[in-house]
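See below for the structure under consideration.
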Amino acid sequence: MVPDFCGSSLLLALPDDIFSLITRSLSPRDVCSLGLSCRDLHAIVASDKVWLAQCDKLRLVPCSTLIEWRKGVCSYKALFRFLVNIHPLLGIWVHQNPELGNVVYVMPGFLSVVGCRIIPQEVGPLGFEDGPILWTPVFEIICNYEGSAAFFLHGREQGTDFVYPGFLKSVDRNCNVLLLEVEPRHQRNGGKLAYSKSFAHEVDKEVSRRLSRSDSGISKSQRIVGQKGSGMPFSRLGFGDRRRLLDIVTSQVRLNVPDTANELLFPRLRNDEVHWQEDVAILYERRLLLLQMYKRGDGNNDLKSGSESLLNPTELGSTEVCKSLECTSGYYALQVGDGAQAHYTKGDTIGLSLRAATMKLSSYRAWPNMHDSRFALYKLPIRAPKAGHEYAGLWGGTFGWPPGRPSEDKPGKALFFILISYEESEGQQLLIATKILEGTSYVLHPNGSAMFIVNTAQPSMDTFPWDSDENSNHIDVKQSFMGEGIANGYGFRYPGSKPGSLFVIQNGLLVFVWKESRAVLTLQRLNLEDLLRKGERVPSLSPVSNFAYLTKTYSNVFSGFSNSSNALSSPRYASF
Amino acid sequence: MIPLPLIDGRTLARVITYLNKHTEDDASDEAKRKFDEEFLYGMEVGVLYDAALAANYLDIGGLFHEVCQRIADGMMNKSVEWVRKTFHIESEFTSEEEVQIKKEYAWAWEGVDSNAD
């Protein structure tokens, strides 16, 4: 295919509609290659139409949303850059603790992505579809005008909601671990995304500074300007040091959120245009406010550059460390003292950072084996249904028959989230139903247990125990599979199993029946994003616990808000 | 405003050939696909572009999308150097401009190698 005469004029002669249709099929890299080749191509490649097509191809949000979001960014190219960077963050992230379940769903917000924790709860008064489901914000990454990312951690301290600005350090395309860290940050534009190599490569040598109390007289000009990237990476510090660093930094960077900016993080799911426009207007205001706060680095503390101020002296390592704190663009310089394990060059600024990394993790029956001392969330691979794997994906369930919404005379039903996946084992295909959230008040089996496993090639010999459901509709069993359901085993950690069957009935419901006890678990498909958009926000925990709850517990740690104005003492929390 | 070029005889003839094949009663989908492949495979670049414009002007959806895809296929996974060579482009960027633009697009090449911990 050798062109003869025209050069780039062929491409340049095309109307921009056609050009963007052609480039739509290209990868963003190929589009950029075109743009790098000459001035004219650079000009047409920069066109909004080209990048709208690329944004649309990502299929993260509908085209109408892209068009709405465009109003808040300088170009579709900037928006594309943001979307492609945060894309790997979308999905379900979990942590082992508390054992009742810790599910953080990361979804598109408003020119942002929002991580929402669904807390252990009972099915709401309006039933499955309309709950409303109870959730709390964990973090947010907002797209600024140039397409760069501004990261905010969410949390609640002393009865007030705060946001904790930080930076999005890097996002691996195939990330499976989301880490909250404290990292030195170089003086550069706030929020600009950088794809940095591992810390160790940037460090020429580890620099340790010893500060004694007599150093308090050193003026700013006498301080040595920090070299780029010196110091030990956060992940190599001991657990106690990491915890303390996170606590120190969050306490310093936190920003008070005015009530007007605290209502919505994303537009509610509504049917009418008017309400939707109202939500959008509120969200634009909120975003501008947060981005301004991010840039200014406003905090509760006054800027005290150069002067020393003794901060709540906290122990880092074995000796008292924090001597002074200096605020620069929202990030704080931490001068560490004798014996400290965290070494930061004088003049470095540090801040909260979010890093999505790829780690080799083993898993057992679709549940990853997690570290218990990292401030991290772990990604659950969600497979979409396809031929042979019709039931893959996220389901919501309750125990008891008939299923249906709770009423006055019936006690509340604990809400279960079940992830169905398929596994080949010894030549058989198994359908595995992993429990990732449980709404009881005290957990019976570990988080991530398989509630049931069935063999897709073995139909069940059992009949469905009931003839009709709560509306007296006849039960039509489409298919059934034989397998086993979870049962008490050897202690909490090692559940056993007992025979049972999975029935596929009308309306796309799955019902698992334990043969002996006749316990019934009914499942239906969930659209988590829609549920959250109709949901009810509840107070968060303190910031670091809000991100990764590391303490082992078997009860509902999110239920302690009975005195709040949201009247959360309702039985939905199933607290005791 | 870029005016659409008028369709020349050669291009029109090809479009008609395409339409004839695709409106044949007894042509199976398989046969049509085979025809499309051969039809588009041998086309010179200049003709491809003309065909795209013509199909757009005449609003022939099928042909238009086929041709656009074919043009795109030819540009996939190609380096900047290849683009310049193939399109006989001289880069008129100054070296500073080049550095600036490379920085502007650097993000598109990031993430090619994933960071392992």
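Looking at A:Leu100, is it farther than 30 Å from A:Ala414 by Cα, in contact with a strand residue (DSSP E or B) (Cβ under 7 Å, 6 or more places away or on another chain) and either away from chain B (no Cβ under 14 Å) or acidic (Asp, Glu) (or both)?
No, not satisfied.
So, B:Val15, is that one of a type in the set (A, V, I, L, M, F, W, C) and more than 9 Å from chain A (Cβ to nearest Cβ) or not?
Here the answer is yes, as B:Val15 does meet what is asked.
Residues are listed down the side, and each one gets a yes or a no for (1) farther than 30 Å from A:Ser441 by Cβ; (2) β-branched (Val, Ile, Thr):
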{"position": "A:Ala46", "(1), (2)": "yes, no"}
{"position": "A:Val50", "(1), (2)": "yes, yes"}
{"position": "A:Pro62", "(1), (2)": "yes, no"}
{"position": "A:Glu99", "(1), (2)": "no, no"}
{"position": "A:Gln121", "(1), (2)": "no, no"}
{"position": "A:Gly124", "(1), (2)": "no, no"}
{"position": "A:Gly131", "(1), (2)": "no, no"}
{"position": "A:Trp135", "(1), (2)": "no, no"}
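Give the residues of region A:29-45 that are at the interface with another protein chain (Cβ under 7 Å from one of its Cβ atoms), buried (at least 22 other Cβ atoms within 10 Å of the Cβ) and closer than 16 Å to B:Cys68 by Cβ, sorted by residue number.
Correct list: A:Leu34 only.
Considering only region A:416-440, state which residues are surrounded by fewer than 20 Cβ atoms within 10 Å (Cβ to Cβ), polar (S, T, N, Q) and either closer than 15 Å to A:Asn556 by Cα or touching a residue at least 12 places away in the same chain (Cβ under 8 Å) (or both).
Of everything in region A:416-440, those that are surrounded by fewer than 20 Cβ atoms within 10 Å (Cβ to Cβ), polar (S, T, N, Q) and either closer than 15 Å to A:Asn556 by Cα or touching a residue at least 12 places away in the same chain (Cβ under 8 Å) (or both) turn out to be A:Gln428, A:Gln429, A:Thr440.
A:His275 fails exactly one of the following numbered conditions: (1) in contact (Cβ under 8 Å) with a residue 12 or more places away in the chain; (2) in a helix (DSSP H, G or I). What is the number of that condition?
Unmet for A:His275, out of (1) in contact (Cβ under 8 Å) with a residue 12 or more places away in the chain; (2) in a helix (DSSP H, G or I): (1).
Can you name every one of the helices (runs of 4 or more DSSP H) wholly within region B:23-88 that holds 2 or more residues which are in contact with a Pro (Cβ under 8 Å, 6 or more places away or on another chain) and within 14 Å of chain A (Cβ to nearest Cβ)?
Qualifying helices (runs of 4 or more DSSP H): B:45-58.
On the basis of being within 30 Å of A:Val557 (Cα to Cα), more than 9 Å from every other protein chain (Cβ to nearest Cβ), within 30 Å of the chain's Cα centre (by Cα) and not basic (Lys, Arg), does A:Val61 make the cut?
no
Taking A:Asn507, is it without any contact (Cβ under 8 Å) to a residue 40 or more places away in the chain, under 30 Å from A:Arg268 (Cα atoms) and not in a strand (DSSP E or B)?
Taking the combined requirement at face value, the residue satisfies it.
Looking only at region A:441-450, decide whether some residue is surrounded by fewer than 16 Cβ atoms within 10 Å (Cβ to Cβ), without any contact (Cβ under 8 Å) to a residue 24 or more places away in the chain and out of contact with any helix residue (DSSP H, G or I) (no Cβ under 9 Å at 6 or more places or on another chain).
Scanning region A:441-450, I find no residue that is surrounded by fewer than 16 Cβ atoms within 10 Å (Cβ to Cβ), without any contact (Cβ under 8 Å) to a residue 24 or more places away in the chain and out of contact with any helix residue (DSSP H, G or I) (no Cβ under 9 Å at 6 or more places or on another chain), so the answer is no.
Quick check: is even one residue across region B:73-83 over 20 Å from A:Val31 (Cα atoms) and hydrophobic (A, V, I, L, M, F, W, C)?
The answer is no; no qualifying residue exists.
If you check B:Glu98, B:Glu37, B:Glu30, which single one turns out to be closer than 28 Å to A:Cys38 by Cα and either surrounded by 15 or more Cβ atoms within 10 Å (Cβ to Cβ) or not aliphatic (A, V, I, L, M) (or both)?
Matching residue, one of B:Glu98, B:Glu37, B:Glu30: B:Glu98.
Please go through region A:239-287 and give me each residue that is among the aliphatic types (A, V, I, L, M) and loosely packed, with under 14 Cβ neighbours inside 10 Å, ordered by number.
Matches in region A:239-287: A:Val274, A:Ala281.
Is it true that B:Gln69 is at pLDDT 80 or above, more than 26 Å from A:Arg39 (Cβ to Cβ) and among the polar types (S, T, N, Q)?
yes
Could you give every pair whose Cβ atoms fall below 8 Å, whose first residue belongs to region A:17-28 and is at the interface with chain B (Cβ under 7 Å from one of its Cβ atoms) and farther than 21 Å from B:Tyr57 by Cβ, and whose second residue is crowded, with 23+ Cβ neighbours inside 10 Å and aromatic (Phe, Trp, Tyr), counting only separations of at least 6 or pairs across chains?
From residues that are at the interface with chain B (Cβ under 7 Å from one of its Cβ atoms) and farther than 21 Å from B:Tyr57 by Cβ, the pairs are A:Pro28/A:Phe80.
Between residues in region A:74-85 that are within 14 Å of B:Ala106 (Cα to Cα) and residues that are not in a helix (DSSP H, G or I), which pairs lie under 6 Å by C-beta distance while being six or more apart or on different chains?
Pairs that qualify, where the first residue is within 14 Å of B:Ala106 (Cα to Cα) and the partner is not in a helix (DSSP H, G or I), are A:Ala78/A:Glu146; A:Ala78/A:Gly147; A:Arg81/A:Gly147; A:Phe82/A:Cys143; A:Phe82/A:Gly147; A:Asn85/A:Val171; A:Asn85/A:Leu193.
The values are calculated or read from the model by the stated rules, or taken from the named source; none is laboratory data. What you are looking at is a predicted structure, and each value in this text was computed from that prediction instead of being measured. Counting neighbours? That spans all protein chains shown, and the Cβs are built from the backbone with ideal geometry, glycine included.
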